[in-house]
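Q: This is the structure, below, for whatever I ask next.
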């Protein structure tokens with residue numbers, strides 16, 4: 001059962017499939033304009049979680065880490081929003097983020113998921129869902145969800161409810 005505070009809760013997943021399932025549940029709750037910020041070391045499950053988010057949003061195509069192109073755009077399979085998958089791993093300074101046009105994505109009509117989001121703190125909006133991922137074991141990951149702003153508190157509460165009902 002996830003631990004809970006007013007603005008956050010955490011959960012431990014025991015396999016990549018569970019991390020994907022958490023992402024899929026989260027993805028089903030998202031709508032245009034939502035921003036999900038992911039933080040975690042290499043191999044902590046950021047892309048796996050994003051793949052689940054894409055599945056929950058019913059986007060087309062394979063979701064891979066966009067490390068070398070910075071942003072991948074995934075079209076919806078039906079009438080849902082685009083998924084903008086951003087990877088800031090190769091960014092060394094926040095000024096580089098401006099040249100990517102990240103603000104256009106964040107304030108656009110899709111859902112923006114940002115890996116290595118801590119590298120763009122200066123330009124991130126104050127309202128967002130932050131997910132910290134940590135290695136706990138070979139396949140176990142700790143996911144800490146923290147909401148900033150009313151929309152993200154709503155997502156957080158719904159996510160916690162759904163994960164509990166799914167037995168995750």
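Q: Would you check which residues across the range 81-107 are crowded, with 20+ Cβ neighbours inside 10 Å, under 16 Å from the mean Cα position of the chain (by Cα) and under 12 Å from residue 70 (Cβ atoms) and list them?
A: Scanning the range 81-107 gives 84, 85, 86, 87, 88, 102, 105.
Q: Filter the range 1-47 down to residues that are within 19 Å of residue 88 (Cβ to Cβ) and in a loop (DSSP other than H, G, I, E, B), then give me how many there are.
A: Number of matching residues: 7.
Q: Restricting to the range 21-43, count the residues that are over 18 Å from residue 164 (Cβ atoms) and without any contact (Cβ under 8 Å) to a residue 60 or more places away in the chain. Talk me through it step by step, then tell me what you get.
A: First, pick out the residues of the range 21-43 that are over 18 Å from residue 164 (Cβ atoms): 30-43.
Okay, now just the ones that are also without any contact (Cβ under 8 Å) to a residue 60 or more places away in the chain, so 42.
The qualifying residues number 1.
Q: Anything in the range 56-101 that is closer than 22 Å to residue 27 by Cβ and at pLDDT below 75? List them, or say none.
A: Matches in the range 56-101: 66, 67, 69.
The rows are residues; the columns are (1) touching a residue at least 12 places away in the same chain (Cβ under 8 Å); (2) over 13 Å from the mean Cα position of the chain (by Cα); (3) surrounded by 15 or more Cβ atoms within 10 Å (Cβ to Cβ).
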{"position": "70", "(1), (2), (3)": "yes, yes, yes"}
{"position": "76", "(1), (2), (3)": "yes, yes, yes"}
{"position": "79", "(1), (2), (3)": "no, yes, no"}
{"position": "109", "(1), (2), (3)": "yes, yes, no"}
{"position": "113", "(1), (2), (3)": "yes, no, yes"}
{"position": "128", "(1), (2), (3)": "yes, no, yes"}
{"position": "144", "(1), (2), (3)": "yes, no, yes"}
{"position": "147", "(1), (2), (3)": "yes, no, yes"}
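The values are calculated or read from the model by the stated rules, or taken from the named source; none is laboratory data. It should be emphasised that the depicted structure is a prediction, and the values quoted were computed from it without experimental measurement. Neighbour counts run over all protein chains shown; Cβ positions are idealised from the backbone, glycine included.
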